[in-house]
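Colleague: After the structure tokens below, expect a handful of questions from me.
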Amino acid sequence: MRLRSLAAALWLLAVANSCGSGSEPDFRPQVLYRLTSDQQVTLRFVSISSGRSVHTLPADKRDITIDAETFTFLLANAPPPFVGVFEWISGSGEVEIEAIEIQGTETQQRRLSADEPLAVVELRRNAGNPATEPSGQQIRFELCSPLTSDSDCTDAIAGRPFSATIGDAEISHLITAELRTPAVIFLERAQDNVSGIFRGIGDQLLRAEMFIDGDSTEVEVGRDDLVLSEDL
């Protein structure tokens, strides 16, 4: 079974390396939620929902402090509609939330502040009703740029750019949006196995951790390609 995961990872790597040579990656829906503030604020990530599943974070990771930086959430391989829900906790500034349907035309912007403590950011709402509970295996990747190779994301540098390709046994998803640390990527509808390749842009450390149904399954840290793969 482990050989199967390795084969999937090598296939993803081949797809990622061929994207600049005229090949056409098979894109499926990707939605980016970019949260930006020019001051220190704390907010709560409630959920991002698609037409199929609800995605959340563990209770100890839902409260996020943004200090004059950007935090990114991305949902891949999910059917519309898309609904992101965020709550204000504290701070003197405000948070601008931008939702973008990658390879699509839908965008929305909302502001989160003490005066507007709840932001519900919807895309493709006419596609139907969003899911109300999780469905299928819950796959997520967490990315950061740590200070040292043996540190976690508690002490990390924000705003470092990176690229990502994620997928399963059937399809590879090249993430074409501009990605910066810190970031959380959710993947829906993975079949048989799940793999991800992450590349820091420039001479920087990148840390990638994969979670399946809330359990950490693999962590990679380095300056070269980080390849994570696991059978489902």
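The values are calculated or read from the model by the stated rules, or taken from the named source; none is laboratory data. Since the model is a prediction, treat every value here as computed from it, not as a measurement. Because the Cβ atoms are built from the backbone with ideal geometry, glycine has one as well, and the counts that use them run over all protein chains shown.
Colleague: Across region 195-220, which residue is farthest from Gly136 (Cα to Cα) among those that are aliphatic (A, V, I, L, M) and modelled with pLDDT of 95 or more? Write out each step before concluding.
Modeller: Taking region 195-220 first, the residues aliphatic (A, V, I, L, M) are 197, 201, 205-206, 208, 210, 212, 219.
Now restrict to residues that are modelled with pLDDT of 95 or more: 197, 206, 208, 210, 212, 219.
Values: Ile197: 22, Leu206: 29, Ala208: 22, Met210: 16, Ile212: 11, Val219: 22 Å.
Ranking the qualifying residues of region 195-220, first place goes to Leu206.
Colleague: Oh, and also: Looking only at region 76-93, which residues are part of a strand (DSSP E or B) and under 22 Å from Thr42 (Cα atoms)?
Modeller: The answer is Val83, Gly84, Val85, Phe86, Glu87, Trp88, Ile89, Ser90, Gly91.
Colleague: Related question: Whether any residue in region 46-62 is assigned to a strand (DSSP E or B) and either free of Cβ contacts under 8 Å to residues at least 12 places away in the same chain or surrounded by fewer than 16 Cβ atoms within 10 Å (Cβ to Cβ) (or both) is what I want to check.
Modeller: Looking for residues that are assigned to a strand (DSSP E or B) and either free of Cβ contacts under 8 Å to residues at least 12 places away in the same chain or surrounded by fewer than 16 Cβ atoms within 10 Å (Cβ to Cβ) (or both), one finds none in region 46-62, hence no.
Colleague: Go over the candidates Thr65, Thr42 one by one and state the one that is modelled with pLDDT under 95 and either outside any strand (DSSP E or B) or surrounded by fewer than 20 Cβ atoms within 10 Å (Cβ to Cβ) (or both).
Modeller: On inspection, the qualifying residue turns out to be Thr65.
Colleague: Is it the case, given these coordinates, that Leu226 is touching a residue at least 40 places away in the same chain (Cβ under 8 Å) and of a type in the set (A, V, I, L, M, F, W, C)?
Modeller: Considered against the rule, which asks whether it is touching a residue at least 40 places away in the same chain (Cβ under 8 Å) and of a type in the set (A, V, I, L, M, F, W, C), Leu226 comes out as no.
Colleague: Being crowded, with 19+ Cβ neighbours inside 10 Å and either modelled with pLDDT of 95 or more or over 17 Å from Phe186 (Cα atoms) (or both): is that true of Leu118 here?
Modeller: Criteria not met by Leu118.
Colleague: Let me ask something else about it. For region 51-63, check the following and say yes or no: at least one residue is over 17 Å from the mean Cα position of the chain (by Cα) and among the acidic types (Asp, Glu).
Modeller: yes
Colleague: Give just the number: which of (1) over 21 Å from Thr72 (Cβ atoms); (2) in contact with a helix residue (DSSP H, G or I) (Cβ under 8 Å, 6 or more places away or on another chain) does Ser195 not satisfy?
Modeller: The number of the failed condition is (1).
Colleague: Residues of region 206-232 being within 23 Å of Leu57 (Cβ to Cβ) and either of a type in the set (Val, Ile, Thr) or assigned to a loop (DSSP other than H, G, I, E, B) (or both), which ones?
Modeller: The answer is Ile212, Asp213, Gly214, Thr217, Val219, Val221, Leu232.
Colleague: Return the total of residues in region 139-192 being touching a Ser or Thr at 6+ places or on another chain (Cβ under 8 Å) and under 22 Å from Ile212 (Cβ atoms).
Modeller: 17
Colleague: Return the total of residues in region 99-119 being free of Cβ contacts under 8 Å to residues at least 12 places away in the same chain and more than 21 Å from the chain's Cα centre (by Cα).
Modeller: Of the residues in region 99-119, 1 are free of Cβ contacts under 8 Å to residues at least 12 places away in the same chain and more than 21 Å from the chain's Cα centre (by Cα).
Colleague: Which of the residues belonging to region 108-123 are over 19 Å from Ala183 (Cα atoms) and either in the same structural domain as Gly200 (by TED's automatic domain parsing) or β-branched (Val, Ile, Thr) (or both)?
Modeller: Of everything in region 108-123, just one residue is over 19 Å from Ala183 (Cα atoms) and either in the same structural domain as Gly200 (by TED's automatic domain parsing) or β-branched (Val, Ile, Thr) (or both), namely Val120.
Colleague: Surrounded by 19 or more Cβ atoms within 10 Å (Cβ to Cβ), in contact (Cβ under 8 Å) with a residue 40 or more places away in the chain, out of contact with any Pro (no Cβ under 9 Å at 6 or more places or on another chain) and not assigned by TED's automatic domain parsing to the domain that holds Phe162: is that true of Gly93 in this structure?
Modeller: In short, no.
Colleague: Applying the selection to region 151-176, what residues are modelled with pLDDT of 90 or more, in a loop (DSSP other than H, G, I, E, B) and among the small types (Gly, Ala, Ser)?
Modeller: If the condition is that a residue be modelled with pLDDT of 90 or more, in a loop (DSSP other than H, G, I, E, B) and among the small types (Gly, Ala, Ser), then Ala158, Gly159 are the ones that fit.
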